[in-house]
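The values are calculated or read from the model by the stated rules, or taken from the named source; none is laboratory data. Every value quoted in this text rests on a predicted model; they were computed, and no experiment measured them. Cβ sites come from the backbone with ideal geometry, for glycine too, and all protein chains shown count toward neighbours.
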Amino acid sequence: MSDKTHKLVEVTDLSVVFTQDGQRTQAVDHASFDIAEGETLALVGESGSGKSVTALSLMQLLPYPPASHPSGTILYRGQSVIGADARALMGIRGNEISMIFQEPMTSLNPLHTIERQVGEVLEVHRGMRATAARARVLELLTKVGLQNAEKRLGAYPHELSGGQRQRVMIAMALANEPRLLIADEPTTALDVTVQAQILKLLKSLSREMGMAMLLITHDLGIVRKMADRVCVMQDGQIVETDTTARLFASPAHPYTQHLISSEPGGKPLAARADAPEIISADNLKVWFPIKKGVLKRTVDHVKAVDGVSLRVRRGHTVGVVGESGSGKTTLGLGLLRLIDSDGPIVFMGQHIENDSWSRLRARRADMQIVFQDPYGSLSPRLSVAQIVEEGLLVHGAELSYDARRARVAAALQEVGIDPATMDRYPHEFSGGQRQRIAIARAMVLKPGFVVLDEPTSALDMSVQAQIVDLLRDLQRHHDLAYLFISHDLKVVRALADDVIVMRNGKVVEQGAADQIFDAPQTAYTKALMAAAFELETAPEGVVAS
Amino acid sequence: MSDTVARAGINWDATWLGRLNKARTSPINQRRWRNFKANRRGYWAMWVFLSLFIVSLFAEFIANDKPLLVTFDGGIYTPVFVAYPEIEFGGDFATEADYRDPFVQELITEKGGTIIWPLIRYSYDTINLDLPVPAPAPPSAENWLGTDDQGRDVVARVIYGFRISVLFGLILTFFSSIVGVTAGAVQGFFGGWTDLLFQRFIEIWTSIPALYLIIIVAAVIEPTFWILLGTLLLFSWVALVGVVRAEFLRGRNLEYVAAARALGLRNGTIMFKHVLPNAMVATLTFLPFILNASITTLTALDFLGFGLPPGSPSLGELLAQGKNNLQAPWLGFTGFFVIAFMLSLLVFVGEAVRDAFDPRKTLE
């Protein structure tokens, strides 16, 4: 620890309490940390650990009340922030301390050009006008690596990609050359290759401008790559603070050890060589027509899935990886014929590509799907038993009420949910438990084939590992075939026997998982691997920016 | 309770009572109820309105030209419910006794009988034949708000008129919600051509001037309560279609709806079980305002003379009388204040309901 006078931010004994309807929720519990000039401090923890609330209280951006600070001080360059008047806070917010958020789409105003949005910051804090501001905006956008910055000045947020939008957000945050940049999950909403680019940009900017950074993230890979020091948060408390190197080498607190060891691991179960094929598709296409004119003539197609062939055998997992918009999810939906698809699909020995909805309805028990968002995929108005039971009402109509309850209980038991809780509602369960319930809903029908559409993406790291283990157990017990769709290559490596790499609806590379992970052939797959496992950027032109 | 039901083989949660029980206690509904109560004006408006409505449902016991109870010659008579001939009390005619007639009253009291009258001794169609001045008579101890130009008691007519207005509004709201929600649900859920054609149809339909059409209908057939209701229903159902359609358009893309589809559920089940509950929030928020609009339409028709059959107690007709008898301001004032008060109460309730379902009102 260096001399006190050099600290940029000192937080001592900070608590944050939210009071609602007489209920007190302690979000931050006596947290203390400091940030030196030019230093990058990472705040790590799982969702709900109080990371974002801590960061927001540095700028006093919490809703006061219901939020309050029963204890603690926050000093910014020796000045107290808590209780400072509005004028003093205005001087700090956006000027001395800037912030970038997770979701670049909603953080930018969709109705203003990017020149206006970045220029506004300059106008408010620096009083800059027209030409001077324009020159500075251009300088900033070039600095954050927005290509063709001059042409992009008049662009609206929707015309930019996610990565470009995040660059604009960073330009806005840097406009006043802040001493501290708070980055709240800055890359969570981005694809891995873009994530690598943004992280690289942040790192070079902080070095160049001597800017301190408070990096909030749940991803230990990012921490290892970016941070000088790390604070680990659990349930509102900072349980461990150390330099990055020491923390990863010898984590002291059990929770830190748990976090570090909780990356999804294990090996996929190899299917038996003679396992029968359960589903196969040849040259599968899902094209959405683009219609124009009064007569709605089809002028072109969006080729969401364009000629994908695959086969999945019993007890076998095919992983589908790719970035957002690559057509992974559409492939899964098209394969189950939940959306219209083109091309032969053979399911358990029978062609289903021309089956009507009512014929397919009978088959649905054998082919199931688990969705990404455990909050969106369970109806908030039904109890867990009602949710899991739903498929049985269609496919097991002959079952009595008690028999159905028994099947539901067995399915819940199998995914690790106490059957005694089956009459509760989804909101009473955590994200991981909800995902288990969603899996139970699919498993209660005893399907042969399950499409898993990003089942771990919305979950915390340690929960991801549990879900991966659960999926593997279920596969072993029931000899299930999986189509595992994910953008997260670590999870895919832990589960998939075969891998399909998709980009813009087309297959880039397809083959055995070992071969693809260890010796990728195409430049795109190599870039994807580097970005996912090493957080390294690819050479220009291989991936989108 | 739920255990015994479960043992009997009935799915307690699937019964509507079970659902209601769960819905009432679910935290989101508790929050809504708190938000509703937090709007003090709306909360009190609801109680005032409910009390007035429930009281008006028993209008026959409050304002009637027949006694509640008559004891006569050792027997107990309830003229409110049963029509007794005058002969029963020793009179001359075989027709129903006119208890307001001093002769009949005398017959009863002569034999030591007693008559228990309601608070107001007039029904909506009772004509006060003993008016000291030509009708409309100003307010007096006998007729608290005076009489209208046919000598009928205004208080009695207001009580019955309030009841018929609210009942009409409630029934119309109920049926237009059912039709509107169904139409919106079908459009939103299926989308595509169904939606397109239905939307164009609604655009054409809403451009028909409803009031004129009803006036034409009223000129051809004499409108009864139900004919009026049906005609108004033809046009009032569109009010809800927009919001419900929007909710269904959104709802059909929810993940749990996709999951239900993957489970092989039928469209009808998905719509009813998974999407409709989402649309109910928007529907409930609109209901008080639709109720208001229904009542206003009925009043307007009555005012113009194309509404309920002649002689019916109606607030619109009271207003029309006020207009025709400017020398009797109690008619116009009464009509105005009653309608203004009733509609304001409903608007206040509507505002509170809107607050209750407002998802942004969580941190207050």
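Points to keep in mind about this one:
- Residue count for segment A:388-409 under the criterion of being closer than 24 Å to A:Q464 by Cα and free of Cβ contacts under 8 Å to residues at least 12 places away in the same chain: the result is 0.
- Scanning segment B:235-283 for residues that are more than 8 Å from chain A (Cβ to nearest Cβ) and small (G, A, S) yields B:S236, B:A239, B:G242, B:A246, B:G251, B:G268, B:A279, B:A282.
- Identity of the residue in segment A:272-306, modelled with pLDDT of 85 or more and small (G, A, S), that ends up surrounded by the most Cβ atoms within 10 Å (Cβ to Cβ): A:A281
- Within segment B:273-311, the set of residues being farther than 20 Å from B:A185 by Cβ and among the small types (G, A, S) comprises B:A293, B:S294, B:A300, B:G305, B:G307, B:G311.
- Counting only residues that are farther than 21 Å from B:N128 by Cα, outside any loop (DSSP other than H, G, I, E, B) and aromatic (F, W, Y), segment B:69-114 holds 3 of them.
- Screening segment A:336-363 for residues that are in a helix (DSSP H, G or I) and either in contact with a Leu (Cβ under 7 Å, 6 or more places away or on another chain) or of a type in the set (G, A, S) (or both) and picking the one that is nearest to A:I485 (Cα to Cα) gives A:A362.
- As a summary of the residue check, A:A397 satisfies the conditions (1) surrounded by 20 or more Cβ atoms within 10 Å (Cβ to Cβ); (2) more than 8 Å from every other protein chain (Cβ to nearest Cβ); (3) in a loop (DSSP other than H, G, I, E, B); (4) at pLDDT below 85 except for the one numbered (1).
- Matching residues in segment A:438-481 - criterion: being away from chain B (no Cβ under 13 Å), under 20 Å from the mean Cα position of the chain (by Cα) and aliphatic (A, V, I, L, M): A:L459, A:M461, A:V463, A:A465, A:I467, A:V468, A:L471
- Scanning segment B:174-214 for residues being farther than 18 Å from B:I227 by Cβ and assigned to a helix (DSSP H, G or I) gives a total of 28.
- From the options A:Q368, A:Q372, residue that is facing chain B (nearest Cβ under 10 Å), part of a loop (DSSP other than H, G, I, E, B) and in contact with a strand residue (DSSP E or B) (Cβ under 7 Å, 6 or more places away or on another chain): A:Q372
- Scanning segment B:129-165 for residues that are surrounded by 20 or more Cβ atoms within 10 Å (Cβ to Cβ), in a loop (DSSP other than H, G, I, E, B) and among the polar types (S, T, N, Q) yields a single hit, B:N143.
- Residues located in segment B:253-297, provided they are touching a Gly at 6+ places or on another chain (Cβ under 7 Å), surrounded by fewer than 20 Cβ atoms within 10 Å (Cβ to Cβ) and not in a helix (DSSP H, G or I): B:L254
- Within segment B:99-113, the set of residues being touching a residue at least 24 places away in the same chain (Cβ under 8 Å) and of a type in the set (D, E) is empty.
- From the options A:Q464, A:Q433, A:Q515, residue that is assigned to a helix (DSSP H, G or I) and buried (at least 21 other Cβ atoms within 10 Å of the Cβ): A:Q464
- Among the residues of segment A:175-232, those that are farther than 28 Å from A:G325 by Cα and of a type in the set (D, E) comprise A:E177, A:E208, A:D228.
- Those residues of segment A:211-221 which are at pLDDT below 85 and either assigned to a helix (DSSP H, G or I) or not acidic (D, E) (or both), in sequence order: A:H218, A:L220, A:G221
- Residue count, segment A:121-145 (criterion: under 20 Å from A:G162 (Cα atoms) and either in a helix (DSSP H, G or I) or touching a strand residue (DSSP E or B) at 6+ places or on another chain (Cβ under 7 Å) (or both)): 6
- Qualifying positions in segment A:65-120 - touching a helix residue (DSSP H, G or I) at 6+ places or on another chain (Cβ under 7 Å) and part of a strand (DSSP E or B): A:I74, A:Y76, A:I97, A:S98, A:M99, A:I100
- Search result, residues across segment A:111-148 that are surrounded by fewer than 14 Cβ atoms within 10 Å (Cβ to Cβ), among the aliphatic types (A, V, I, L, M) and under 30 Å from the mean Cα position of the chain (by Cα): A:L111
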